[in-house]
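The values are calculated or read from the model by the stated rules, or taken from the named source; none is laboratory data. A quick note: this is a predicted structure, and the numbers were derived from the prediction, not measured. A quick note on method: Cβ atoms are made from the backbone with ideal geometry, for glycine too, and the neighbour counts reach across all protein chains shown. Surface accessibility is based on the protein's heavy atoms, side chains included, excluding ligands, DNA and RNA. Shrake-Rupley method; radii C 1.70, N 1.55, O 1.52, S 1.80 Å.
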Amino acid sequence: MNRAAKVAYGGFVVAAAIFAAMFVGALVMMAIGADVFRTYWVILTEPLQDLFGVTEILVRAIPLSLVALGIAIAFRSGILNIGAEGQMLMGILAYAATAIALPGLPKFILLPLSLLAGAAGGALWGGIAGFLKARLQVNEILSTVMLNYIAAQFYTFLLRGPLMDPGELVTGTGTPQTIRLPKGAWLDRLVEGTRLHAGLVIALALAVAVFFLLWRTTVGFRMRAAGAEAKAARYAGIGVERYLIIAMLLSGAFAGLAGAVEVAGVHRRAIEGISGGYGFTGIVVALFGGLHPAGIIPASAVFGLLLLGADMTQRSANVPANMVLVLQGAIILSIVAARQFMNNPYVQDKVTRRFAKWFGKRVPTVPEAAEAACPDPADVAGPCTAGEDGQGDGKNPAEGR
Amino acid sequence: MRPEPIRTLELRGITKRFPGVLACDGINLDVPEHSVLALVGENGAGKTTLMNILMGLYQPDEGSILLNGRDVKFRSPNDAFGHGIGMVHQHFMLVPNMTVVENIALGMKETHKTFGLDLKQVRRRILEISERHELPVQPDAFVWQLSVGEQQRVELVKTLCLGARFLILDEPTSELTPQETDELIVLLKKMSDELSIIFISHKLHEVKALSDTVSILRHGRMVFRGNTADHSSSDLAALMTGHEVNLPRNECGDGCGDVLLEIRDLRVRSDRGYMALDGVSLDVRAGEILGVAGVSGNGQRELADTLNGLRRAESGTVLLGGKQLLNRSPRDVIDSGMGYIPEDRNTEGIVPSFSIKENLVLKDFAAGTFSALSFLRLGTIRRNADNLKKRFDIRCPSTDTAAGSLSGGNIQKVILARELARGPKALVAVYPTRGLDMGAEEFIHNQLLERRREGVAILLISEELEEIMNLSDRIAVIYKGRILKIIPGGEATKKGLGMLMAGVMDE
């Protein structure tokens, strides 16, 4: 296959995966007696009707993309960070505490300082899991999930105790939230009358930064090598353990920053339920975006749309917003399945043949130069040695017989 | 209900395509009753694909399989078993933490009762088979306790217990010691009185010793078939590679300089905690190849690991050009000029998902040549890859290809290119040609000898006696973590080395 055909094939597979996910979603909706087409219509078009809808999509895409960028760093470095949710909460706490403690500072100091504190809070939480993995071989999936619980309880404790707005006690309402943060710690709104905030700029800038970090610097090279094959990296003189920890610190920092940005731009005080599952959806966004910033940015917009659309279905199509969770699950499954089709050259070849048969085109017996084929050994168990054939010198004098 | 015996097996015009590769191109093959056919060819010639078709793992795109003259179709390995065809794979398909009886019972469906297994019946069958074919096995031993040779026998007994009357052996000797190989050949020779065998190999002396007829595959085509007895090994080698192969030899003697790599009283524990190296001392001079012969598992891995900073030693000294390297980090070792061709080329030698050009700078990407202010210099990295690709004849579509998708020989060339281009003072090469075909082997041997001439101190760890004897100035035999003896390369004989490798001192 040439490049154009490959891109078309990839696009086709992704489209098929989305279609399959929507089909599964449709089955569930039919089961609860909802109007399938109306629901999808609402999810996919309602948010795009006006400027407000579009800005709300972006408001959701900002924390999603930040979390997903962090996840991509961790996954690329061979560590599965499932703990973005907890890291976000720790980031929010650190950000809010810094802002509350230093209200008198001018904005150009307080805002960066408190956002950095948020990143540091997340980095600390992610770093624990990284340290445990690197030094004691503790499975990072277990440790990050458990740290999520601890973070959630710690967050609730602080919001209902030490960090609680004293005003709530005076009036007796007792809402678990902090005081309104000083204006110096706020991110500015970008569009008058909407909630779209300057976090968008931060997310886009960091997406570029992550690309350069991972694919253009020596640090990124080390992290990716450690992630792709730790043994080879270690043998090549890379301190794998150190880079595991660095990756988790960075990954946590992105999640912490996502939380801090969300509070600084939208809520302006720490409240309960703020992470809204962004920490988990961010994992889906990262995978959907191919663990690459160029994929993550559009993917986070798509999921922003889904999340907002799901909220709207509750109102206009009378379908519970939780439906979007079902869709998310279905999307993960179909993406994982689609990868098999995307990366397996054997399946690719089969599909090409099938299409050629349908459209009556001739397929050469040996597609292109034989040397173009180096089947991925991970996918093709038996014939992988066939790669050697690539060298074909063309001479095959059939001696003997 | 004994199914009819397999008198003839024929393959007619078998063609199989993989993406971009014609793996088998109209192959004809026939095996008469009670005969041994050797199927020979380089890596990637299509041998394994052909056998997988015969076992029903793949469906051929064209062609047919005839059994006793009748057309058969194998849709799965079970179909093939059902017709009495059994295969012993190169990598054994045994469950290590089960006993031999349990392993064999896995495949014997008739012993599976609703609640439990009829292990008595399995044991009877095992004893019956092992007696008839003189294949001693211990039914109650756990597979992990057995040596590779014993495991091989279990595989054979298993295949026969499942009712195989036609055996396919995929490179059965690749993991065996020389002695075990000889035993296996005698055994198979006897078994061929009762059944037919297809024997896949690229070791020609085994082919000569065992087979009646030989078929040679090259690039998916059958290029030769004939009686083994009528052709010499070197004829067959030429047919296999398409050109005369002369594995280069080390013309021993002069050239050796001062001691460059000095190993003294090295004591290292294995992963399981016992002393894997128990006081090993070796000297490698500049411009010398020191071969370390031994059956794998006698401390070679630990030796290579320790020399390269990947494993901590209990005590000892490792000096490279007078600089102490014991228990230093891999980075320190690399920076002092040590090159390393690791045993496991797919997971230690390269990062499989990285491109070829990235793998070629795996050790040097942080050096000034390939990065500036910690940003990678992509242009230089690409030019470096293009140069090395030419110099080391790495065959790949482009240097952006994932290294893991290359064939074994080309992966080894990538590793060799990286290690040698760094201009090492010393080189540790572990099983550098394991599983490679003769063309690649020739290339790698030539490269090693060339480095020797340039004054590199080379420590060659191998269990391939021919390789060791062809290349080494001196040969050290390692057994159970000790150096048993060091002999000059010219005085070594296969028999003597084989005895020493088995731990027998002949004085």
For this session: Along each of the three principal axes of the Cα atoms of the range B:354-421, give the extent in whole Å, ordering the values from largest to smallest.
Result: 35, 21, 16
Exercise. From the Cα gyration tensor of the range B:221-370, with a ≥ b ≥ c the square roots of its eigenvalues, which class applies: rounded if a/c is under 1.5, or else prolate if a/b is larger than b/c, or else oblate?
Worked result: prolate
Problem set entry | the range A:58-303: relative contact order as a whole-number percent, Cα under 8 Å and 6+ apart | 42 percent
Exercise. Can you list the residues of the range B:356-381 that have at least 40 square angstrom less accessible area with all protein chains present than in their chain by itself, probe 1.4 Å?
Worked result: B:Glu358, B:Leu362, B:Phe365, B:Ser374, B:Phe375, B:Leu376, B:Leu378
Exercise. Which FRET efficiency, nearest 0.05, do A:Thr194 and A:Gln137 yield, Cβ-Cβ r, R0 41 Å?
Worked result: 0.30
Problem set entry | If the convex hull is drawn through the Cα atoms of the range B:16-124, its volume per residue in Å³ | 166 Å³
Problem set entry | B:Ser374-A:Ala5 pseudo-label distance in nm [points 7 Å out on the Cα-to-Cβ vector] | 4.4 nm
Seminar exercise, completed: Probe 1.4 Å, protein heavy atoms only: B and A together bury a total accessible area in Å², to the nearest 100, of 4800 Å²
Exercise. Points 7 angstrom from Cα along the Cβ direction at B:Arg264 and A:Ile332: gap in nanometres?
Worked result: 5.9 nm
For this session: With r as the distance between the Cβ atoms of B:Ile486 and B:Thr317 and R0 = 22 Å, compute the FRET efficiency 1/(1 + (r/R0)^6) and round to 0.05.
Result: 0.75
For this session: Provide Rg and Dmax in Å for the protein assembly as shown, with only Cα atoms included in the calculation.
Result: 32.2, 105
Problem set entry | For the protein assembly as shown: accessible area per residue (Å², 1.4 Å) | 43 Å²
Problem set entry | Radius of gyration and Dmax over the Cα atoms of chain B, both given in Å | 24.6, 76
For this session: Calculate the dipole size of chain B relative to its Cα centre from +1 charges on Lys and Arg beta carbons and -1 charges on Asp and Glu beta carbons; express the result in debye to the nearest 20.
Result: 1300 debye
For this session: Tell me what chain B gives for mean residue ellipticity at 222 nm when only DSSP H runs of n ≥ 4 count, each as -39,500 (n - 2.57), the sum divided by the residue total, rounded to 500 deg cm²/dmol.
Result: -9000 deg cm²/dmol
Exercise. Can you give the mean number of other chain Cβ atoms that lie within 10 Å of the Cβ atoms in peptide B:399-412?
Worked result: 4
Seminar exercise, completed: Note, B:Leu277: beta-carbon cut-off 14 Å, +1 each Lys/Arg, -1 each Asp/Glu, net +3
For this session: State the answer as a single residue: which of A:Leu287, A:Gln314, A:Tyr235 lies farthest towards the positive end of the charge dipole of the range A:176-327, with beta carbon charges of +1 for Lys and Arg and -1 for Asp and Glu, about the Cα centre.
Result: A:Tyr235
Problem set entry | Cβ-defined net charge surrounding B:Ile129, 13 Å radius [Lys, Arg +1; Asp, Glu -1] | +2
Problem set entry | Crossing angle, helix B:438-453 versus chain B [Cα axis fit, 0-90 degrees, rounded to tens] | 20 degrees
Exercise. For the residue pair A:Phe37 and B:Arg249, what label-to-label distance in nm results when each label sits 7 Å from Cα along the Cα-to-beta-carbon direction?
Worked result: 8.4 nm
Problem set entry | Tail fraction, Cα-Cα pairs, the range B:83-235, threshold 19 Å, whole percent | 56 percent
Problem set entry | 10 Å Cβ neighbours from other chains, averaged over peptide B:22-31 | 2
Seminar exercise, completed: Per-residue average of other protein chain Cβ atoms inside 10 Å, peptide A:213-222 -> 4
Exercise. Counting only protein heavy atoms and using a 1.4 Å probe, what share of the accessible area of the protein assembly as shown belongs to carbon plus sulfur, as a whole percent?
Worked result: 58 percent
Problem set entry | Ratio Rg/Rh, restricted to the range A:217-337 and using Cα atoms, in which Rh is the Kirkwood radius | 1.07
Problem set entry | Percentage of interatomic Cα-Cα distances in the range B:299-401 larger than 21 Å | 46 percent
For this session: Place the peptides B:406-419, A:204-217 in order of packing, highest mean first, counting for every residue the other Cβ atoms within 10 Å and averaging per peptide.
Result: B:406-419, A:204-217
For this session: Can you bin the range A:45-204 into rounded, prolate or oblate? Criterion: square roots of the alpha carbon gyration tensor eigenvalues sorted a ≥ b ≥ c, rounded for a/c under 1.5, prolate for a/b above b/c, oblate for the rest.
Result: oblate
Exercise. About its Cα centre, what dipole magnitude does the protein assembly as shown give when the only charges are +1 on Lys and Arg Cβ and -1 on Asp and Glu Cβ, stated in debye to the nearest 20?
Worked result: 2380 debye
For this session: Pick out, from A:Ala72, A:Thr98, A:Ile128, the residue whose Cα sits farthest towards the positive end of the charge dipole of the range A:38-164, with +1 on the Cβ of Lys and Arg and -1 on the Cβ of Asp and Glu.
Result: A:Ile128
Seminar exercise, completed: Surrounding charge for A:Tyr155, neighbours by C-beta under 12 angstrom, Lys/Arg +1, Asp/Glu -1, total -1
Exercise. Going by the alpha-carbon gyration tensor, a ≥ b ≥ c the square roots of its eigenvalues, is the range A:1-137 rounded (a/c under 1.5) or, if a/c is not under 1.5, prolate (a/b greater than b/c) versus oblate?
Worked result: prolate
For this session: Consider just the alpha-carbon atoms of the range A:58-303 and return their Rg together with their Dmax, both in angstrom.
Result: 17.8, 64
Exercise. In whole angstrom, and with the biggest value first, how far do the Cα coordinates of the range A:132-232 range along each principal axis?
Worked result: 63, 40, 19
Exercise. Hey, what did the range B:354-421 get for relative contact order, percent, Cα under 8 Å, at least 6 apart?
Worked result: 41 percent
Exercise. Given B:Pro342, A:Leu163, B:Pro60, which one lies farthest toward the positive end of the charge dipole of the protein assembly as shown, if we put +1 on the Cβ of every Lys and Arg and -1 on the Cβ of every Asp and Glu?
Worked result: A:Leu163
For this session: Could you calculate the FRET efficiency of A:Val170 with A:Val201 from 1/(1 + (r/R0)^6), where r is the beta carbon distance between them and R0 is 45 Å, rounded to 0.05?
Result: 0.75
